[in-house]
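Trainee: I'd like to ask some things about the structure below.
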Amino acid sequence: FTSYLHEFAVNFLDAKHRGREHLKVWTNTFLNESWQESGERIDAEDMIERCEDYTVDPLPEGVLCITAGADVQSDRIEISVVGWGLNEESWSLEHRVIQGDVNKLEIWQDLDDFLNKKWRHPNGSALRIAATCIDSGFATREVYSFCKPRQARRVFACKGSNRHGAPLVTKRVV
């Protein structure tokens, strides 16, 4: 005689024995519950209290450096621009979606034009993007072709990792 409880126990013990990722799948599919990562939790109310209104023209006074990160999809490139200040304080400055076929030159020219944008600082100076990382997980050849001639402007191809604790920088694989 096999019951639902027996199936529950067998599947749970199997998932637990096979490791954390299997236990996560078991929790999501068998229990139909969301997996909760262990560790510190961020209190939403505390986060909301820390929010502040700011403009991006001119930039917030504390912005000292600007970076950008781009993600390439088949029909668009999405770019997020962040201003950085002391003690890793940051401000989201802009998120741009450039629609188009990533196999066509036009979308890459639009990206290049955007990456050359200047932001006005309250002290009267203009800041440019100091460094850009473009995810090369999709359209790898096109990303490399775009980045290589722009390395002097600190435009780099990067590859994300789903591995917790993966190094930020590794040796280049040729």
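The values are calculated or read from the model by the stated rules, or taken from the named source; none is laboratory data. Nothing here was measured: the structure is a model prediction, and the numbers come from that model. Don't worry about glycine lacking a Cβ; one is built from the backbone with ideal geometry, like all the others, and counts go over all protein chains shown. For accessibility, only protein heavy atoms count, side chains too; no ligands or nucleic acids. Shrake-Rupley method; radii C 1.70, N 1.55, O 1.52, S 1.80 Å.
Trainee: Here is a check on your reading of the model: is K148 basic (K, R) and touching a Gly at 6+ places or on another chain (Cβ under 7 Å)?
Mentor: no
Trainee: What number of residues within the stretch 44-70 satisfy the criterion of being assigned to a loop (DSSP other than H, G, I, E, B) and either in contact with a strand residue (DSSP E or B) (Cβ under 7 Å, 6 or more places away or on another chain) or surrounded by 13 or more Cβ atoms within 10 Å (Cβ to Cβ) (or both)?
Mentor: The number of residues fulfilling the criteria is 9.
Trainee: Condition test on R96, is it open to solvent by 70 Å² or more (accessible area, probe 1.4 Å), basic (K, R) and touching a residue at least 12 places away in the same chain (Cβ under 8 Å)?
Mentor: Yes, satisfied.
Trainee: I need every pair where a residue in the stretch 145-165 that is more than 15 Å from D135 (Cβ to Cβ) and at pLDDT below 90 has its Cβ under 6 Å from the Cβ of a residue that is open to solvent by less than 80 Å² (accessible area, probe 1.4 Å) and not in a helix (DSSP H, G or I), sequence separation at least 6 or different chains.
Mentor: none
Trainee: Here are the criteria: (1) open to solvent by 20 Å² or more (accessible area, probe 1.4 Å); (2) touching an Asp or Glu at 6+ places or on another chain (Cβ under 6 Å); (3) touching a residue at least 40 places away in the same chain (Cβ under 8 Å). Tell me which single one V102 does not satisfy.
Mentor: (1)
Trainee: Only residues that are under 17 Å from W84 (Cβ atoms), touching a residue at least 12 places away in the same chain (Cβ under 8 Å) and small (G, A, S): list them for the stretch 109-139, please.
Mentor: The answer is A130, A131.
Trainee: What number of residues within the stretch 10-43 satisfy the criterion of being hydrophobic (A, V, I, L, M, F, W, C), at pLDDT 85 or above and either farther than 22 Å from H164 by Cβ or not in a helix (DSSP H, G or I) (or both)?
Mentor: 3
Trainee: Scan the stretch 20-45 and report the pairs whose first residue is free of Cβ contacts under 8 Å to residues at least 24 places away in the same chain and whose second residue is aromatic (F, W, Y), with Cβ atoms within less than 8 Å and a gap of 6+ or a chain change.
Mentor: Close Cβ pairs (under 8 Å, with a partner that is aromatic (F, W, Y)) amount to K24/W35; W26/F12; T27/W35; N28/W35; F30/F8; F30/F12.
Trainee: In the stretch 79-174, which strands (runs of 3 or more DSSP E) lie fully inside it and hold 2 or more residues that are more than 30 Å from E52 (Cβ to Cβ)?
Mentor: The strands (runs of 3 or more DSSP E) meeting that bar are 155-158.
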